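Each remark here refers to the structure printed beneath this line.
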Amino acid sequence: MKKALVALVSIIVVVALWLGYLSYDADQRDVEASKVPLVTVMEILHASDLQKGVKAAVKVDDADAIDNWLNQALQVGNAANLAKEDLDYLVSDAARDYVVFNAKRQLYNDAFEARYYSLKEVESLKAQYPEAKDLFPRTNALIEKRDAIIKQIAIALSNEDSPSEDALEEARQQWLMQAQKP
């Protein structure tokens with residue numbers, strides 16, 4: 001009887017220790033999981049509200065507003081449990097340069113689109129936004145296609161293979177009317 005009681009107590013102790021270990025292990029995994037950041041630095045820097053705010057600040061050359069947006073990014077990084085290196089990056093000149101660079105590219109795209117539809121030149125825009133130089137070949141190709149479409153409209157209007165300047169001007173006016181429609 002004593003042997004059975006000792007064996008039963010031993011089994012109960014082993015089971016209790018095993019359950020305690022499992023509980024401790026699960027708790028450690030929960031602690032480790034809570035340390036994993038909820039977002040990455042790049043997700044923070046590419047958040048639409050941050051990009052929109054920095055773009056607006058860059059447009060009016062407001063350095064304080066850019067710093068304010070980066071401070072908000074830092075607060076998000078802190079709340080998301082980012083690593084110290086990531087938090088340091090968010091307050092670095094490199095992060096500032098990165099968001100300003102992206103904002104200027106977005107401003108170039110916005111301005112190009114407006115000029116594209118309104119038939120305005122883009123060379124001064126290219127000089128204003130050298131950050132978008134890798135986009136220049138694509139924008140040149142779009143302008144060539146637009147001009148070819150306008151020429152095709154002029155050919156259709158004039159019924160000639162080589163449309164006159166008047167036909168080209170009428171085609172441009174039709175383009176502008178189409179571009180203004182919502």
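Select from the range 123-182 the residues that are closer than 29 Å to Asp61 by Cβ and acidic (Asp, Glu) and list them in ascending order. Step through it out loud before you land on a result.
Taking the range 123-182 as the starting set, the residues that turn out to be closer than 29 Å to Asp61 by Cβ are 123-140, 142-143.
Within the range 123-182, Glu123, Glu131, Asp134 meet the criteria.
What number of residues within the range 131-171 satisfy the criterion of being in a loop (DSSP other than H, G, I, E, B) and among the small types (Gly, Ala, Ser)?
Narrowing the range 131-171 to residues in a loop (DSSP other than H, G, I, E, B): 159-164.
So of that shortlist, the ones also among the small types (Gly, Ala, Ser) come out as 162, 164.
Number satisfying all stated conditions: 2.
Return the residues of the range 72-101 that are open to solvent by 80 Å² or more (accessible area, probe 1.4 Å) and more than 20 Å from Tyr129 (Cβ to Cβ); say none if nothing qualifies. Spell out how you get there, then give the answer.
Pass one, the range 72-101, residues open to solvent by 80 Å² or more (accessible area, probe 1.4 Å): 75, 78, 84-85, 91, 93, 97, 101.
Of everything in the range 72-101, those that are open to solvent by 80 Å² or more (accessible area, probe 1.4 Å) and more than 20 Å from Tyr129 (Cβ to Cβ) turn out to be Gln75, Asn78, Lys84, Glu85, Val91, Asp93.
Which of the residues that make up the range 99-130 are under 24 Å from Leu168 (Cα atoms) and not in a helix (DSSP H, G or I)?
Hits for the range 99-130 are Ser118, Leu119, Lys120, Glu121, Val122.
Starting from residues that are under 14 Å from Glu113 (Cα atoms) and without any contact (Cβ under 8 Å) to a residue 12 or more places away in the chain, keep the ones in the range 129-143 and report whichever is most open to solvent (accessible area, probe 1.4 Å).
Arg138
Looking only at the range 38-64, count every residue that is assigned to a loop (DSSP other than H, G, I, E, B), β-branched (Val, Ile, Thr) and modelled with pLDDT under 95 and tell me the total. Spell out the reasoning first.
Our first condition is that a residue be assigned to a loop (DSSP other than H, G, I, E, B); within the range 38-64, this holds for 38-40, 46-47, 60-62.
Retained after the next criterion (residues that are β-branched (Val, Ile, Thr)): 39-40, 60.
Cutting the leftovers down to modelled with pLDDT under 95 gives us 39-40.
The number of residues fulfilling the criteria is 2.
Within the range 162-171, does at least one residue satisfy the condition of being aliphatic (A, V, I, L, M), touching a Ser or Thr at 6+ places or on another chain (Cβ under 8 Å) and without any contact (Cβ under 8 Å) to a residue 24 or more places away in the chain?
First, pick out the residues of the range 162-171 that are aliphatic (A, V, I, L, M): 167-168, 171.
Retained after the next criterion (residues that are touching a Ser or Thr at 6+ places or on another chain (Cβ under 8 Å)): 167.
Cutting the leftovers down to without any contact (Cβ under 8 Å) to a residue 24 or more places away in the chain gives us 167.
Checking the range 162-171: at least one residue is aliphatic (A, V, I, L, M), touching a Ser or Thr at 6+ places or on another chain (Cβ under 8 Å) and without any contact (Cβ under 8 Å) to a residue 24 or more places away in the chain.
The values are calculated or read from the model by the stated rules, or taken from the named source; none is laboratory data. Note that the structure is a prediction, hence the values are computed from the model and not measured. Glycine also receives a Cβ, built like all others from the backbone with ideal geometry; neighbour counts cover every protein chain displayed. Quick note on the areas: whole protein, heavy atoms, side chains included, nothing else; ligands and nucleic acids left out. Shrake-Rupley method; radii C 1.70, N 1.55, O 1.52, S 1.80 Å.
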